[in-house]
Amino acid sequence: MAEWLRRWAADPLYVGSIPTPGSNVLKRSNLCLVITEVGGIMTEKAVEETFAALFALTDLRQIFRDTKPTYQFNSEQREKIKQIIEKLRQSLDVIEKELIK
Amino acid sequence: MKQMIEDIEVRSREELFININPIQAAGRLTPEAMKAIIAYGDGYSTCDWCTKPFRLDKIRRPPISEFHLELAKFVGMDQARVVPGARRGFQAVVSSLVEKGDSVIVSSLAHYTEFLAVEDVGGVVKEVPLNEENVITEENTAQKIEKVKRETGKLPKLIMMDHFDYMFGNEHDIHGIAKVAKNYDIPFLANCAYSMGVMPIDGREMGADFLVGSGHKSFASPAPSGIVATTDEWADKVFRTTQMVGDVTGRKFGIKEVEMMGCTLMGANMIAMMASFPGVRERVNCWDDEVKKINYFIDEFLKIEGNEVLSEMPRKHTLTKVDTTGSFDKIARTNKRRGFFFSDELKKRRIVGEFAGATRQWKLNTYGLTWDQIKYLAQAFQDIAKKYGINVV
């Protein structure tokens, strides 16, 4: 418990010490609420979508790497590009909604 | 956007060009590793969940501890550690086994960092000569050991040998050399900087006591990163923990491993390696296709009159040394841009990574290129040759 408190004091995003994937899932919504109530500036959702957008762009980067220097996309790559762009739009929508209300 | 910030340009050559640089090919990141760098770039990012016993390879979130176990299994050894580059792997082993004045057997194509690791502890390197095909053999290794024994009155303390060398990308008789090492009871380190992460490696089957790999050369990881793996027999020696006690404070740091300087590869490099690992595990099974691709490229390359290949043939590795003295160098001799005409022509065709200005002996690496890119590359070389009147048969 002392370890947990020490870490909580050092890092407000700390939600547990048991390194089991998903162990903090239930607490995430509470965490989001806490941040919103305390700060009210930015929600966890906007941060999540920022990462999601960066990761989607990274997938696009990989398509460039796979198809350089002619960039002749096959149907699978075209489909993937569409999905990436769609994902980016969704993420940007969320970010816009969350940050510029 | 050409600049990331003032004076630092965006590095987009992997998105814009086919890059045949000999040392960069297999270190190109997977998209997963690129994402890891985005998320874990902050300094001590791996330390968020570092709890007792406070050592990097014991951290379970992210699962760094599990990764170490998987890594050892992947290379067929009992224990593995990640290190900041293969060179730190050589250093850890050499520093544990070699003392001042001891001899260490290395290849005549050994990487310079093997020399430095030996020099650092006051040892002396003894090189095994190459045979006529630029390969290190079991026989030459045995002869060198005998020579060292005769001259110094002692057996070498360690044999370090490259699986594939950096100069020709030739395969050396690692199994035979391991056998010789066993016969003389000399520990054997296999330098797998150009093989671990691109082709299946099994240290136990190889007969190695130590394996060293490079993250940034062959494991789709950022620099510096590397791997040192060993057997349970040697782990206590190379991964020994500190016994030091502070004389004033009485402090001791018992869990920290001396050769690893406590924690090794922290932050983004560690997580990027982990993120690439599933992809690396898959891609080693495609090595045969990579070898087919380089051999296809070389067949096309040799259709250009005057071109030669200095590496062993047929190719067993994607890293290859070529000689264009009889072709592109002839053009360079009278061209106002000298050897740079060749770089200019390649760049026009969106190809980079050759040694700029070199038109005699130089190296290339086709690892990771798709078949379309390989064919494009072969065609580009032939197009340049035709443009300058070199015969393509």
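The values are calculated or read from the model by the stated rules, or taken from the named source; none is laboratory data. Predicted, not measured: the structure shown is a model, and the values here were computed from it. We place every Cβ from the backbone using ideal geometry, glycine too, and count neighbours over all the protein chains shown.
Below, the figures for the structure above:
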quantity: Those helices (runs of 4 or more DSSP H) lying entirely in the range A:19-101 with at least 2 residues surrounded by 14 or more Cβ atoms within 10 Å (Cβ to Cβ), modelled with pLDDT of 85 or more and within 13 Å of another protein chain (Cβ to nearest Cβ); calculated: A:44-67, A:75-99
quantity: Matching option when the condition is under 30 Å from A:ARG65 (Cβ atoms), crowded, with 16+ Cβ neighbours inside 10 Å and of a type in the set (Val, Ile, Thr), among B:VAL258, B:VAL238, B:VAL284; calculated: B:VAL284
quantity: Considering residues of the range B:65-94 that are more than 18 Å from B:THR241 (Cβ to Cβ) and within 14 Å of chain A (Cβ to nearest Cβ) only, the residue nearest to the chain's Cα centre (by Cα); calculated: B:PHE67
quantity: Residue count for the range B:296-338, restricted to those that are among the acidic types (Asp, Glu) and farther than 22 Å from B:PHE164 by Cβ; calculated: 3
quantity: Among the candidates B:ASP173, B:ASP232, B:ASP209, residue that is in contact (Cβ under 8 Å) with a residue 24 or more places away in the chain and in contact with a Phe, Trp or Tyr (Cβ under 9 Å, 6 or more places away or on another chain); calculated: B:ASP209
quantity: Residue in the range B:168-175 that is over 18 Å from B:ILE227 (Cβ atoms), small (Gly, Ala, Ser) and over 19 Å from the mean Cα position of the chain (by Cα) present; calculated: no
quantity: Residue selected from the range B:6-48 under the condition of a type in the set (Asp, Glu) and at negative phi, by the criterion farthest from the other protein chains (Cβ to nearest Cβ); calculated: B:GLU6
quantity: Test for B:ARG61: is it among the charged types (D, E, K, R), part of a loop (DSSP other than H, G, I, E, B) and either within 11 Å of chain A (Cβ to nearest Cβ) or touching a Cys at 6+ places or on another chain (Cβ under 8 Å) (or both); calculated: yes
quantity: Restricting the range B:262-306 to residues that are of a type in the set (A, V, I, L, M) and at pLDDT below 95, the residue that is farthest from the chain's Cα centre (by Cα); calculated: B:MET266
quantity: Contacts under 8 angstrom Cβ, first residue in the range B:123-146 being small (Gly, Ala, Ser), partner surrounded by fewer than 15 Cβ atoms within 10 Å (Cβ to Cβ), 6 or more apart; calculated: B:GLY123/B:GLU99; B:GLY123/B:LYS100; B:GLY123/B:GLY101; B:ALA142/B:ASN183
quantity: Selection within the range B:300-332 - part of a strand (DSSP E or B) and aliphatic (A, V, I, L, M); calculated: B:ILE304, B:VAL309, B:LEU319, B:VAL322
quantity: Unique residue being surrounded by fewer than 19 Cβ atoms within 10 Å (Cβ to Cβ) and under 26 Å from A:ILE84 (Cβ atoms) when the list is B:GLU66, B:GLU9; calculated: B:GLU9
